[in-house]
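See structure below.
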Amino acid sequence: MATTVTEPGLKRVERLERIWVEPRGVLGWLTTTDHKRIGLLYFFTTLAFFGAGGIEALLIRTQLAEPNAKVLSPETYDQLMTMHGVTMIFLFVIPMSLGAFGNYLIPLMIGARDMAFPRMNALSYWLFLASGLFMYASVFLHAAPNAGWFDYVPLALKQYDPGRNIDFYALGLIFNGISSTAAAINFIVTIFKLRAPGMSMNRMPLFCFAMLAVSLSLIFALPSLTIDLVYLELQRNLGFHFFDVAHGGDPLLWQHLFWLFGHPEVYIIILPAFGIATSIIPTFSKRKMIAFPLVALAELLVAFIGFGVWAHHMFATGLPTITLVFFAAASMMVVIPSTIQVFAWTVTVALGRPEFRAPLMFIGGFIVFFVLGGLTGIMFAAIPFDQAATDTYFVVAHFHFIIFGAAVFPILGGMYYWFPKVTGRLYHEGLAKLSFWLTFVGTALTFFPMHIIGLLGMPRRVYTYPSSLGWGAYNLSETIGAFILTAGLLLIFWNLVYSRFRGAPAGPDPFFGGTLEWATTSPPPPYNFPVIPTVRSAYPNWDAEDRRADVARLERGELVLDGGHETPASTVVDAVPDEVLEMPGESPWPLAVAVCTSLLFIMLLTRHYAVAGVFAGFALLAVAAWHSKEPQET
Amino acid sequence: MSATPAAVARVERARLARPNGWWGMAIFVATEATLFGTIIGTYYYLRFNNLHWPPPGVPEPKLTLPLVLTGLLVSTSVPMQLAVNAASRGKLPRARAALLLAVVVQAGYLGMQVHLFVHDVHEFPPSGSAYSSIYFTMLGAHHLHVFLGMLLILWILLRTATGLTSYRMNGLRATAFYWHFINVLALCVVGSQLSPLA
Amino acid sequence: MAAVPLTLPVGAWAGDNQNALHPASKQEHSISVLWWVMLVGCSIGFGVIVILLFLGWVRRNRDYLPFGGRDRAGTAIVIGLGVFVPIVILSLLFVWSDLYVIKTTEAPAANSTPMSVKVIGHDWWWEIRYPGTRAVTANEIHIPVRTRVDMLGTSADVIHSFWVPALNRKADLIPGRVNRLLLDANRPGEYRGQCAEFCGQQHAHMAMYVFADPPNVFRRWLANEARPARKPATPQAREGERLFLNLPCSGCHMIRGTSADGTIGPDLTHLATRTTLAALTLPNKPPDLTHWIEDPQRYKPGSKMPGFSLTSSQRDALVAYLDGLK
Ligand code: HEA
Ligand code: HEA
Ligand code: CUA
Ligand SMILES: [Cu+2]
């Protein structure tokens, strides 16, 4: 980017600046449709929920540190345990990776100026925030969900759980699901349609493939959760019968529908981590990913096969053996795309000249933990072993290694990696390495002993345990590990906060990354790119000639699109430019729709169904108002 | 508003790929289809869990009226498609007429269906058995979709009162697509509803 | 790394024991063999990855593989180790575990066992019945050793899960369904088990024992269990019986041979033959029984048995009576 920009180019940049600038201050944030600002909103919100979920985890660990402890009452324990799971999964990992990372990065990586539906993007955020607050209101009312994150019936039926606890869960997750569905549609269309000229499918960054797979999974997985929750609410509050045997229902129906969603869900959690790993590894190994097409295919395959394995969560429910065997076979198959990727990552590092900076170290930790957690996953596919280990701490160990170690580590690494892009400053490398080792050791110490106590017979979801079974020492070490882990996390956040204000300036591309987000300034301007970049490979930022051509085009005024709020749309497979879209700007209506929807859900919770209908009407009116502002057409 | 129907027709002809709005709707339809797939799946799951379906005391579904009504509803796919074709060639009045026809028929359908629904609720309330629970959930979800689809048409009719733009054209295309989907659903739903007769 | 700490605890203790790797049956033995084999295999797989990562770090200044070769060799490794090797390993594991080992943990064929025992999960205790006899007990299952026993499990309320790690896998107890499981202890002993499906507040205190007794001991036990309750022997115990029948106790508990016929709580006909109270929450000694009757909520908060305000003489009379129910 050494070529200097001259007078006419600068004029054009100024014009873009004027067109894309958003109102300042709180109002600006409330009405924003800029994917970067929405990404940041997601980031801070999910971080807060992470803090909440983490505090819940620490309380759990404190209670379990020794036998017969009395830190938490059984009821409080159940609520914290459930909220911990629900928070971490629905309010932290998914919105963090999809909402924050996806939102901020996808348009930048594909060379677009915004998401396909910017206002719907804002709506997704506000709905997400509202659903999170909705669920957390229950904590302050001491009526938090308390039947575990998969909320099995009959325990969750009114007979056994008469309070509002489960209604918060069911309505909150339906609410949350609307937000995720809107986000997923937005990502798919963005990835399909807004790619820079020349970025055909096979040149799309692997991060985008991962996000595409995630979004597709959400589209097909969420409905079964939603409908399951609808059944639950209908049964709890209106006396329908889906889950009780006496009237022809079946408690296992809940489980089938839940896991039909729940297993794809776990790949929804891990896929963004794959995406982040495949962004960080090439940059610091200074080479392209090995077996690129295979990795892209694997990302899509894992999401696809993930739909056929759900009953492996039900191996002890007494389904016919033939059914179990089918699902075990599918669970074995789903492993293959993961092994492909694990070897692609490690071989890429081995073949490159890797520079072990903090982001890459986190990816190293991710690979170690992913393999560890994945291997215990394979063990569960051996039915007799699963039938012994299921519902014990062995399962807790499996999924924390694979969720915390494998899904969250890349998120942490990604925070370091893209920090210079978002803030324009560098983080502190030494502190970052220290924080890696703390979290790494903490994670191993927290979750590894869980395998052992699981085999020693400790069931999960117990608020306490007797001293006679020899579980105490392991539990204590887990608790100590959790606090070490927390120290590591706090160090990361401290590093980022400190560097935000004191870090050295980063420049546009401190790590020489290969994808397009590094082709623009740090932080990126509201319009992302002064010129829409054109692309000829999967690592366009390493094609220096193309980037010089961008500057030349700015001079000529080609592909600058400074006639309005514009971004190009292209064909789905080959990314041939098709039309120039006029994008909507900031709008108050998404927030208004979210407010009406929140009131709707509050009314459903308090069983004022008629009032709820009124708010549904208001929400529709707000949607109408939103759509009555049309883009200018020429 | 500088756009004219002729300009819209020009844009339509020049397009290489389907617009964002169409894709958005297509993916929305995919998730909706999954939703209905799950509901219908539940219907059969519960059915095979029960010896008597419908349970004793609950009348079997009637055959002719639901079939006739569904046929009527499905036929509205024709005017919907006509509206799209007309509009994309710049013929707005004709498109509006077709939309109006469709929405009137749909309203008739919905009115009849709601009437039948209420009648059935009195006869065998959803709190009676798993059969009636899933029966009413399935039909209710379907009616809700018909209602939303009608709102979309009414919205398009309202907007196109002041002329046609590419933005509205995209909206119309998406709405028509949604209606074709609802009609396919209607067939699946009525098929399941009547399945105990088979 | 993985193997070392896991080997330590095995077989390392006596007494109370819920260890899945300390099998006392053929079924659990095959599960633990499965585990050890998988552990070794997984340790090797884990080692391969760690070595690869380590090589990446050691050779970070060379952009070719240790044995030469660049991209093509790299892709070959990805396909070989990432596709073909796992397919082979997973197929072997599948055939062995899911087609072969599973046979030993499958429910026994109906009526193929000399006896069966019914287990019904309740919030938060286990009701145990011996089909063909009148015996009803709670939380402590007796079975004859080296005898195939068919466990028929269901639930009276929410889902529970029956798990005795030393004997076999788990079986969920689901309302409206009966799930079966083979119990076949190959040596006499006392095997602790615990509810494994989250079932509400006192899921943590829903444990049970399986006693594998020599056949003659078992037969004697069962015969006694099937009989109605003994008549109270002392005046205090008689007073206890009268209290029991007049206080709410009899509305929830059954004592066969008396008018107490409640079904909400455990059958107390032979309470004194049990070693523990309230699903292994307390030992069954008179002082603990006293504590329990006085304030069950203190030991098992949320338990479906409420506390009662009793005078100390009432309390002692009840304990004397219950303690005599041999
Ligand atoms: C991010 C989330 C995530 C991911 C990615 C996975 C991945 C996998 N999971 Fe996991 N799982 C969970 C989250 C996840 N899981 C959660 C949250 C639960 C519990 C839910 C609850 O009950 O609350 C759970 C529970 C769970 C169960 C049910 C356990 C039980 O309750 O009884 C099973 C059973 O089959 C299972 C299997 C698997 C398998 C086979 C994989 C595979 O995809 C793993 C593939 C990866 C690898 C295999 C690593 C690569 C290894 C190598 C490269 C080494 C070489 C390998 C060979 C030679 C074979 N998981
Ligand atoms: C993404 C998923 C995720 C994550 C990241 C975690 C993270 C952790 N989990 Fe959890 N966990 C689950 C998902 C997750 N968990 C699920 C699904 C269950 C099952 C629930 C159920 O059974 O229903 C579960 C259950 C579970 C249990 C078992 C409970 C039981 O069965 O009774 C335990 C016990 O130790 C535990 C511990 C931990 C610990 C110590 C962490 C630690 O890693 C947490 C560390 C994090 C922090 C300490 C936060 C620090 C961050 C901040 C302080 C941010 C600061 C913020 C600002 C400045 C704004 N978890
Ligand atoms: Cu019963 Cu857990
Ligand atoms: Cu799964």
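The values are calculated or read from the model by the stated rules, or taken from the named source; none is laboratory data. A quick note: this is a predicted structure, and the numbers were derived from the prediction, not measured. FYI the Cβ positions are ideal-geometry reconstructions off the backbone, even for glycines, and counts take in every protein chain you see. When the accessible area is computed, the model is the full protein with side chains, heavy atoms only, and any ligands, DNA or RNA have been set aside. Shrake-Rupley method; radii C 1.70, N 1.55, O 1.52, S 1.80 Å.
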Residues being of a type in the set (Gly, Ala, Ser), within 14 Å of another protein chain (Cβ to nearest Cβ) and within 16 Å of ligand 3 (Cβ to nearest atom): count how many of those fall in segment C:95-149.
1
I'd like the full set of residues that are closer than 21 Å to residue A:514 by Cβ and of a type in the set (S, T, N, Q), limited to segment A:202-228.
A:202
Any chance you could count how many residues in segment B:16-55 are among the small types (Gly, Ala, Ser) and in contact (Cβ under 8 Å) with a residue 12 or more places away in the chain?
4
Selection status of residue B:12, part of a helix (DSSP H, G or I), in contact with a Ser or Thr (Cβ under 8 Å, 6 or more places away or on another chain), among the acidic types (Asp, Glu) and in contact (Cβ under 8 Å) with a residue 24 or more places away in the chain
yes
Subset of segment A:430-460 [open to solvent by 20 Å² or more (accessible area, probe 1.4 Å) and either outside any helix (DSSP H, G or I) or touching a Leu at 6+ places or on another chain (Cβ under 7 Å) (or both)]:
A:431, A:434, A:438, A:460
Quick one: is residue A:606 of a type in the set (Val, Ile, Thr) and crowded, with 16+ Cβ neighbours inside 10 Å?
no
Return a yes/no flag: does segment A:389-398 have any residue that is open to solvent by 20 Å² or more (accessible area, probe 1.4 Å), within 8 Å of ligand 1 (Cβ to nearest atom), free of Cβ contacts under 8 Å to residues at least 24 places away in the same chain and assigned to a helix (DSSP H, G or I).
no
Among A:591, A:554, A:559, which is touching a Lys or Arg at 6+ places or on another chain (Cβ under 6 Å) and either touching a residue at least 40 places away in the same chain (Cβ under 8 Å) or open to solvent by less than 40 Å² (accessible area, probe 1.4 Å) (or both)?
A:559
May I ask you to say which residue of C:179, C:186 is surrounded by fewer than 24 Cβ atoms within 10 Å (Cβ to Cβ), of a type in the set (S, T, N, Q) and away from ligand 3 (no atom under 16 Å from the Cβ)?
C:186
Which members of segment C:237-255 meet the condition of being assigned to a loop (DSSP other than H, G, I, E, B) and either closer than 21 Å to residue C:225 by Cα or open to solvent by 50 Å² or more (accessible area, probe 1.4 Å) (or both)?
C:248, C:253, C:255
Qualifying position, being in a helix (DSSP H, G or I), open to solvent by 30 Å² or more (accessible area, probe 1.4 Å) and more than 10 Å from ligand 1 (Cβ to nearest atom), among A:324, A:301
A:301
If I go through segment A:616-634 residue by residue, how many of them are open to solvent by less than 40 Å² (accessible area, probe 1.4 Å) and more than 13 Å from chain B (Cβ to nearest Cβ)?
1
Take the conditions open to solvent by 40 Å² or more (accessible area, probe 1.4 Å), assigned to a loop (DSSP other than H, G, I, E, B), more than 16 Å from ligand 2 (Cβ to nearest atom) and away from chain A (no Cβ under 14 Å) and apply them to residue C:258. Does it pass?
no
With the condition being within 16 Å of ligand 2 (Cβ to nearest atom) and either open to solvent by less than 10 Å² (accessible area, probe 1.4 Å) or within 12 Å of chain C (Cβ to nearest Cβ) (or both), I'd like the helices (runs of 4 or more DSSP H) fully within segment A:74-171 carrying at least 1 qualifying residues.
A:74-86, A:118-140
Would you check if there is a residue in segment A:271-291 being open to solvent by 10 Å² or more (accessible area, probe 1.4 Å) and either within 16 Å of ligand 3 (Cβ to nearest atom) or touching a His at 6+ places or on another chain (Cβ under 6 Å) (or both)?
no
Given the criterion hydrophobic (A, V, I, L, M, F, W, C), more than 14 Å from chain C (Cβ to nearest Cβ) and crowded, with 24+ Cβ neighbours inside 10 Å, identify the matching residue among A:238, A:218, A:234.
A:218
Across segment C:164-205, what is the number of residues that are of a type in the set (A, V, I, L, M, F, W, C), out of contact with any His (no Cβ under 8 Å at 6 or more places or on another chain) and more than 7 Å from chain A (Cβ to nearest Cβ)?
7
